[in-house]
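Data first, discussion second: the structure below is written as structure tokens.
The values are calculated or read from the model by the stated rules, or taken from the named source; none is laboratory data. In this text the structure is predicted, and so the values were computed from the model without any measurement. Cβ sites come from the backbone with ideal geometry, for glycine too, and all protein chains shown count toward neighbours. Surface accessibility is based on the protein's heavy atoms, side chains included, excluding ligands, DNA and RNA. Shrake-Rupley method; radii C 1.70, N 1.55, O 1.52, S 1.80 Å.
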Amino acid sequence: MAAALAAVEPARATAAALRRDGDRLLVGAREYDLTAYDHVWLVGAGKAGAAMAQAAVTVLRDRLSGGIIVVKDDGAPLPALVGVDVVCAAHPTPDERSVHAGQQIATLLMQAGERDLVLALISGGGSALLNLPVADVSLADIQGLTHKLLACGASIGAINTLRKHLDQLKGGGFVRLAAPATVVALILSDVVGSPLDVIASGPTVADPTTFAEALALLDRYDLRADCPPAIIDYLSAGVRGERPETLKPDDPRLAVVQNVLIGSNTQAAEAALVAARAVGFNAMLLTTYLEGEARDVGQVLAAIAREIATYHRPLSRPALMIAGGETTVTIRGSGRGGRNQELALSAAIALEGLTDVAVVALATDGGDGPTDAAGAVATGDTVARARILGLDAVAHLRNNDAYPFFAALGDLLLPGPTGTNVNDLIFVVAG
């Protein structure tokens, strides 16, 4: 786990992608002449924003004109950066600070001119941290919709399709507001498969989705009846062509935009694989596209652990299988937990009785759901140990109540905020 997190440390990833040689700024495979720009502005949002900003400020130094970065309010100390404001907002449901930060960034972007360079630092969590709702849609409307989408188990792609059509900064919003300035974005992915238009709702990327698709998602998740009327009205007007669509791939403003992916779940998983083999595991990377209902995925991964323990396939012991991605939880109960804790609890039930096996589920940002845990460890004796304490694993799973279950056993992962965010990693171990 430590090797995985080190591989996607945001400051290191930013420094590797953003280099400077005098007045030459090298970003990925492109080069920018800093003397051609009157101003260089720094903007961004996401859980990894503070570390990314520190690295960017170190590179840009005297050429930086100013900026603003919005990060999650997780209690971590904020860096003091010359000329750049680092501010906090709420996650996963936006708050008034999210809107205030959105207004500040929009103002900065609109003042950028043709001889300006805007460097955007984008990472997971940016969708909630940075908000500027469209006309006639309130923050309360967005908060209500966000809560319902999270509760019904909607995928991040679906959630962000709606967000992009209800917010002025998403779906290419940075590009629209900053035009005709040059825009360069460094992006740390927290989305399965790393589609750039979905990460933080794609503020610097063309959006392939439409108003019609956004409205259809409300029906798909049976949310239309409970959705704020202002949202229905705005999306319906968009379908009729009465509201502007998000930035599309053929937009000429994209000619002066560069988007660079600097870190992903794949990089973290591959680093974990190397580390596992180095300490003697027969290890393999199963997938970095893991999705689905957390409790169902937990059962499947426990079945793989049982296969290894019983038949020594697809790996012989000592075995470690790695899966990356992000599951979802459909909330049915009133308990406390997160997707990784729920996955681990489901796996614990399926692992009962096995020896020397474990399923370990980790949120790479250190925060799993609305808890201070990053995930949990499930083994073949988890359920039996819990039973001694009077805990019913099945009842806790039914109530989405994994946090107190694992807390009582001392089996929560509690690293605190990691400063990065590249989805989840799950380790299936048979010693």
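Observations on the model:
- Between helix 139-151 and the chain: long-axis angle, C-alpha atoms, 0 to 90°, nearest 10: 30
- Amide H within-cut-off set for THR288, under 5 Å, with H built and near neighbours excluded: GLY324
- Interchain or long-range residues, amide H under 5 Å from ASP365's placed H: VAL422
- Cβ-placed point charges (K, R +1; D, E -1), dipole of segment 195-239 about Cα centre in debye, nearest 20: 20
- Legend: calculated FRET efficiency, ALA303 to ASP73, from the Cβ-Cβ distance at R0 = 45 Å, rounded to 0.05, equals 0.70.
- Applying the Karplus relation 6.51 cos²θ - 1.76 cosθ + 1.60 with θ = phi - 60° to segment 250-256 yields 3J(HN,Hα) values of 8, 5, x, 5, 6, 5, 10 Hz, where x marks Gly and Pro.
- Ranked order, HIS147, HIS396 - accessible area, probe 1.4 Å, largest first: HIS147, HIS396
- 20 Å binning of all Cα-Cα separations within the chain, expressed as whole percents from 0 upward: 27, 53, 20, 1
- Selected from VAL99, GLY380, GLY124, residue furthest toward positive end of dipole (the chain; charges at beta carbon): GLY380
- Beta bridges per DSSP with both ends in the chain, % antiparallel, nearest 5: 45
- Interchain or long-range residues, amide H under 5 Å from ASP95's placed H: ALA90
- Along principal axes, Cα extents of segment 174-271, largest first, whole Å: 45, 37, 19
- Note on ASP136 and ARG332: the model spin-label points, each 7 Å out from Cα along the C-beta direction, lie 4.0 nm apart.
- Global form of segment 212-364, assessed from the alpha-carbon gyration tensor, a/c cut-off 1.5: oblate
- Phi-based couplings in Hz for segment 114-125 (Karplus 6.51, -1.76, 1.60; Gly and Pro marked x): 5, 9, 10, 10, 10, 9, 9, 10, 10, 8, x, x
- Accessible area in square angstrom per residue, the chain, 1.4 angstrom probe: 39
- With Cα atoms, 0 to 90° folded angle of helix 339-351 axis to the chain main axis: 20
- Distance-filtered residues of segment 170-209 - backbone nitrogen under 12 Å, label point 7 angstrom along LYS248 Cα→Cβ: 207-209
- Listed values for segment 395-404 are Karplus-derived 3J(HN,Hα) couplings in whole Hz (6.51 cos²θ - 1.76 cosθ + 1.60, θ = phi - 60°), namely 5, 5, 5, 4, 9, 6, 10, 6, 4, x, and x replaces Gly and Pro.
- Its Cα centre serving as origin, segment 43-167 has a Cβ charge dipole (Lys and Arg +1, Asp and Glu -1) of approximately 300 debye.
- Euclidean distance of C-alpha centroids, segment 46-98 and segment 370-431, integer Å: 31
- Between 0 and 90°, nearest 10: helix 265-278 axis offset from the chain longest Cα axis: 40
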